[in-house]
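None of the figures in this text is laboratory data; all of them are computed from the coordinates on show. Just so you know, these numbers come straight off a predicted model, no measurement behind them. Note: ideal-geometry Cβ built from the backbone for every residue, glycine included; neighbour counts use all protein chains shown.
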Amino acid sequence: MSSNGQQTPDLHAKQVFTTGEAAEICKVSQQTIIRCFDSGRLNGFRVPGSRFRRIPREELIQFMRDNGIPIEQITSSKKRILVVDDDPQIVELMVDLLSRDDRYEVKTAMTGYDAGMMTEQFKPDLIILDYMLPDINGNIVCQTIRANGELSETRIIIVSGVVNQDEIHDLLKAGADEFVKKPFNIEQLQSRITSLLEA
Amino acid sequence: MVTNELTKPRRIELILRQIDSLPTLPAIATRLLALTSDENAEVREVISLISSDPALTAKVLALCKTADRGLRQEVMNVDKAVVLLGFNAIRNAVLSVKVYELFRPDPDDVPGDVTRRDNMLRPSIEPVDREEAERFDRAAFWTHSLAVACLAELIARGSSAHQDLNPDEAFVCGLLHDVGKLALDHVLPKSFARVVELADLNQGNIAEFERRIVGIDHHTAGKRLAEQWQLPHALQDCIWLHGSPYDTLPNIEHRRLVGLVALADVIVRRQHLGYSGNFTFKEEEITLAGKLGIDPDVVADAIEGLHDTLESRGKALGINDTPSKELFLDAIQRANIALGRLNHALDLRGRTAAIQSRILEGITTFHAQAGPGRSVQDMLDSVVESASTVFGPGFFAMLYPEPGHAHGHATWLVSQYTDEGAPLHSQYAEAPPHTPDLSQFDASQPMGVNLMGILPWVADYLVNAEDVRDVRLLPLSCGWGTVAVLLHDRQQLPNWSMLQSLVHTWGAAIGAAAQHDGARRLGEELAESNSALAEAQDRLLRQESMARLGEMAAGAAHEMNNPLAVISGRSQLLSMTLTPGSKEQQAAQTIFKEAHRLSDLITCLHMFADPPRANRRPVNLLSLLDATIKAARGAQRNRDQVVPIYLQVKEDLPSLEVDPEQLQQAVSELVHNAIQASPKDSVSVQARVVSAEHLLLIQVVDDGDGMDQHTLDHAMDPFFSDKPAGRRVGMGLPRAQQLALAHGGRLDLRSTPGEGTVATLTIPLEPAA
């Protein structure tokens, strides 16, 4: 299992798996994976010009769910949180706060563009999003995330120093799950994060 | 006139050229004139010249004979005459005879050569129309000229002291002073006939009409002719200047001679001897004689002898055969005609003046009555009163279209009056569509415009108007058109040229009154809208300053809440790491709390930029207020002095739809404010519903310090506080007001310093649907 221990972080980050890797994650034989792949029960593709089978992450997770295989191995027990704010002090505060809790894996972005990139790669479970970003407004980010089917499970907390009722309404309509006013009580923020992630 | 095509300067030029080409004086006269300047006159030649013309000889002899009654010896031949009378007398006699012959009234009598030349040179400027009814009466003209000549001679003879007044010279100057008229009549018979006609008609100065019609007067024409004929300078000047006032004459050698001719001219015209065409008298003969230094007795004697002299001299010249008696009668007759004309003209003027004075009187009285600043109705009444004075009693009514309805349904004010012009009654009438534009009717039509033909519907508004068929319209106009219409039953109004000024005065007065009315109404409206504007501006200013403050707060909220979030978050994290209950942890918690208080203040300010909206839902008011008061009591726990807070509510308060959080906050702000006022006794919260008006009234009453007017005025300003600086600043009342506004309600404060304050929240319940 020592190898597992070494491989697991890598496997967690991978987007495409070989049949061997998939077998390891699912704790089944490689042959089983190949059989399922060939029978179409596990979707994937062959590397062009060769017969190597490759399985995208989403397909593997789907396969594991379908067959009752625990998915913790691939998704890990840690919840991924993306903090987006143009104020480095806020970002630092958030990171400081959230990393105290080892259930969370935290990444940060300081612009809307970065946030989009990170969302694609990191597939966060929760985004703590500052409404006023230098390049884009929070509602656009919300809409973009909600338009992406892969991110349907992603929760969004909007944080803003300006409380405008109309804007809050628009944000909630655009797909935000929570609105938190700056300055916030970190205890309250933590409880909201917890309840959103457990839902 | 044929010559109409010619421009005036060109025409004058043409006339002058024609005058230049007039027949020259016969050789004998020219020769005689040439000899005057020659001392060694070749008398013999002259004598033989005269002698060669038997008719001339006879006339010259006759002339010389009568010229000097003192001459005992009868002058039988020219030789003797020249010797006895002197060369100048002979020369003048010949000149007179020849000039007269040149412009003879009857061409048949003129010696052949002259006539032919005259006919040959008949000017072509105007065709001669012998049928022309009125022509220049040459016989009468010569009578006038001769009379002037004789009179000038007589006066000159009487004033023998005056060396410069030679009787012979005076005679010829007098005879020829108006020769310019002959020249004009000769060149432009038709135009000159018109000149004569007009001068007669107007009893004016013929020279004026000459200038107007012909372009030059007989003075100028005569001067030109005299130059052409090379007449002596004295004669030229007499011809040229005899019409000028004596004082204006240049200081020439023969100034007095010119004056003498002018004097003789005036006297002869006064005597109505002959015809000159001039009916005006510039200078009194006595005055003129005085200026000339001539004894009035001499003038009087001369006038006495005038008729006899005229008769004999006329006979001698062949000018006028009329005996002196007939001449006298003729003069009287002419005087009578002139008098008659004058009388007629005076009579006409008198009648015109009578009407004019009536109208003028009308205008004067109207002006006296119709002072400025009167209403339109007053002005209409005044106009009718004035009209009844000027036109006399009769039917009168007034139509006044209300301004501002140029098209479509116009409202007209129809006022009716008694026959004497007193107001009877007045009413507004709706003018039917397509009512014609009144301004297009010509008020100057003699018969006026009939009412029934144009505005038949008006008859419906006229009471007791038995016969409106005769009612006529008189539009009263001012600068911008017809302002009103006077209805009257007069068949004939005074001549429009005279009436015009009165009608315009009326129209202008009504127009001014209409303007004044409009201006007054406008002024009142302006005053109203002014005060409304001032109020609105006040409100706006307040709102604007609030909104600006809010905008600022919104900006501040964004910029400040980020650092506050860091301060608050960091202090919280810090406090977690510190020993619970330690001083350090308390400090960290204080940092956290203050950061949030600061943020609250910013949020509160932001309310002014983005007023909150009420989220109404069914609420049990009683329990809401109860909870609010309990919280307020709790907040007092740490104070030294606890103020009792009572709730006074009827138990049967219905369930109401309000925003519970907002209402609770508002009430709690008011209660807090009441407690701050240090009440002597207590604070009470009262609530009731005014069902009729769908209002919820919540009153928070204290018997504390109260507020003065200044504090009341600013109580709802954010950060205003009557407390000394450093105490908690007042965001409570502004916030409560904003929350009331969120419900469409308001917050009112009533306060007396030292007695306490009543704060009333008025919250509309259901929008009356």
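Pull out a ≥ b ≥ c, the square roots of the eigenvalues of the alpha-carbon gyration tensor of segment B:617-764, then state rounded if a/c is under 1.5, prolate if not and a/b is larger than b/c, and oblate in the remaining case.
On the way: a/c = 1.72, a/b = 1.39, b/c = 1.24.
Verdict is prolate for segment B:617-764.
Note down the relative contact order for chain A as a percent, whole number, built from C-alpha pairs under 8 angstrom at least six residues apart. Can you show the working numbers first?
Numbers: 265 pairs, mean separation 26.7, N = 199.
Relative contact order of chain A: 13 percent.
Quick one: which residues, 5 or more positions from B:Glu402 or on another chain, have an amide H under 5 Å from its amide H? H modelled 1.01 Å from N in the peptide plane, none for Pro or chain starts.
The list, which skips near neighbours in sequence, is B:Thr411, B:Trp412, B:Leu413.
Over the alpha carbons of segment A:110-196, what is the largest minus smallest coordinate on each principal axis, giving the biggest first in Å?
30, 26, 23
As a quick test, which of the pairs A:Lys78/A:Lys173; A:Lys78/B:Lys583; A:Lys123/B:Lys593; A:Lys181/B:Lys583 have an alpha carbon distance above 32 angstrom in this structure? Show your work: numbers first, answer last.
On the way: A:Lys78/A:Lys173 29 Å; A:Lys78/B:Lys583 37 Å; A:Lys123/B:Lys593 36 Å; A:Lys181/B:Lys583 29 Å.
In this structure, A:Lys78/B:Lys583; A:Lys123/B:Lys593 exceed 32 Å between Cα atoms.
In whole Hz and in residue order, list the ³J(HN,Hα) couplings for segment B:281-293 that follow from phi through the Karplus curve 6.51 cos²θ - 1.76 cosθ + 1.60, θ = phi - 60°; x for Gly and Pro.
Computed from phi, the couplings for segment B:281-293 are 10, 6, 10, 5, 5, 5, 4, 4, 4, x, 5, 7, x Hz.
Springs between alpha-carbon atoms under 10 Å, Gaussian network over chain A: tell me which of A:Ser39, A:Ser29, A:Ser50 tops the mean-square fluctuations.
A:Ser50
In peptide A:178-187, what is the residue-averaged number of other protein chain Cβ atoms found within 10 Å of each Cβ? Working shown, then result.
Values: counts 0, 0, 1, 5, 12, 17, 8, 5, 9, 2.
For peptide A:178-187, the averaged partner shielding equals 6.
If you average the C-alpha positions of segment B:571-609 and of segment B:137-169 separately, how far apart do those two centres end up, in angstrom?
Distance between centres, Cα-based: 134 Å.
Please report the relative contact order for segment B:638-695, taking Cα pairs under 8 Å with a sequence separation of at least 6, and give it as a percent rounded to a whole number.
Values: 35 pairs, mean separation 33.6, N = 58.
Reported relative contact order: 58 percent.
Given H placed 1.01 Å from N in the peptide plane, which residues other than close sequence neighbours of B:Leu765 have an amide H under 5 Å from its amide H?
Under 5 Å from the amide H of B:Leu765 lie the amide H atoms of B:Leu695, B:Leu696, each far enough along the sequence or on another chain.
So if I take the centroid of the Cα atoms in segment B:244-306 and the same for segment B:678-717, what is the distance between those two points in Å?
For segment B:244-306 versus segment B:678-717, the Cα centre distance is 110 Å.
Can you tell me, using C-alpha contacts under 8 Å and at least 6 residues apart, the relative contact order of segment B:451-610 as a whole percent?
On the way: 131 pairs, mean separation 27.8, N = 160.
Worked out over segment B:451-610, it gives 17 percent.
For B:Ser582, B:Ser501, what ranking results if the residue with the fewest other Cβ atoms within 10 Å of its Cβ goes first? Walk me through the numbers on the way to the answer.
Working: B:Ser582 11, B:Ser501 14.
Going from sparsest to densest Cβ surroundings: B:Ser582, B:Ser501.
By counting other Cβ atoms within 10 Å of each Cβ, how are B:Glu169, A:Glu24, B:Glu524, A:Glu198 ranked from fewest to most? If you can, show how the numbers build up before the last one.
Working: B:Glu169 24, A:Glu24 19, B:Glu524 10, A:Glu198 7.
Least to most surrounded, the residues fall as A:Glu198, B:Glu524, A:Glu24, B:Glu169.
Looking at segment B:476-524, which chymotrypsin sites (Phe, Trp or Tyr not before Pro) are DSSP coil and have at most 14 other C-beta atoms within 10 Å of their C-beta?
For chymotrypsin sites (Phe, Trp or Tyr not before Pro) across segment B:476-524 that sit outside H, G, I, E and B with at most 14 neighbouring Cβ atoms in 10 Å, the list reads B:Trp480.
Using amide H atoms built in the peptide plane, which far-off residues or other-chain residues are under 5 Å from A:Arg54 H to H?
A:Phe45, A:Arg46, A:Val47
What is the distance in Å between the Cα centroid of segment A:14-29 and that of segment A:80-138?
Their Cα centres are 30 Å away from one another.
For a footprinting-style exposure proxy, rank B:Leu184, B:Leu493, B:Leu201, A:Leu129 by other Cβ within 10 Å, fewest first.
Working: B:Leu184 29, B:Leu493 20, B:Leu201 11, A:Leu129 25.
Ascending Cβ contact count within 10 Å gives the list B:Leu201, B:Leu493, A:Leu129, B:Leu184.
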